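One structure is given here, and the rest of the page talks about it.
The values are calculated or read from the model by the stated rules, or taken from the named source; none is laboratory data. Just so it is clear, the structure is predicted and the values come from calculations on it, not from any experiment. No Cβ is skipped: glycine too gets one built from the backbone with ideal geometry, and neighbour counts run over all protein chains shown.
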């Protein structure tokens, strides 16, 4: 593929990704809330691994969520070194709203595609996700 084609793909992919993020009601926190709603209490380490976020980024997000009364954090009973993250009742309500909002947004965003096109896009995105799974982060490449 010519470089102009790949650059065009890159720009369009970035534009779509950005617009999708900006349309979300609970940017950044939505996925965390939904994970906790669906899986129950998780450790901070588990959330870091599942979401592929940097530990410092996740800690900051969890701190903001705790201040907002959405979660509680405490030492795990099994391993006192681990921090357990649990939804509060307000967090559960917010997580249900985030899940509903996410489903509604997905429906609106992909309504323009036929079933066949959606299937093709799904296959292509899965192929990219699999191929990109081991790409290093920019900060990892910058290390000496």
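Given the structure, is residue 42 within 14 Å of residue 88 (Cα to Cα), at pLDDT 95 or above and in contact with a strand residue (DSSP E or B) (Cβ under 9 Å, 6 or more places away or on another chain)? So residue 42 fails the test.
Might you let me know whether region 122-143 holds any residue that is touching a helix residue (DSSP H, G or I) at 6+ places or on another chain (Cβ under 9 Å) and modelled with pLDDT of 95 or more? No: zero hits. Applying the criterion of at least 3 residues that are without any contact (Cβ under 8 Å) to a residue 40 or more places away in the chain, over 16 Å from the mean Cα position of the chain (by Cα) and surrounded by 10 or more Cβ atoms within 10 Å (Cβ to Cβ) to the helices (runs of 4 or more DSSP H) found wholly in region 31-144 leaves 55-67, 89-110, 115-132.
Assessment of region 25-32 against the conditions (under 30 Å from residue 136 (Cβ atoms) and at pLDDT 95 or above) yields at least one matching residue.
So, in region 1-30, of the ones that are outside any helix (DSSP H, G or I) and under 17 Å from the mean Cα position of the chain (by Cα), which residue ends up farthest from residue 79 (Cα to Cα)? Write out each step before concluding.
Step one: filter region 1-30 for residues outside any helix (DSSP H, G or I), giving 1-2, 23-28.
Still in the list and also under 17 Å from the mean Cα position of the chain (by Cα): 23-28.
On the way: 23: 39, 24: 35, 25: 35, 26: 31, 27: 31, 28: 27 Å.
The selected residue is 23.
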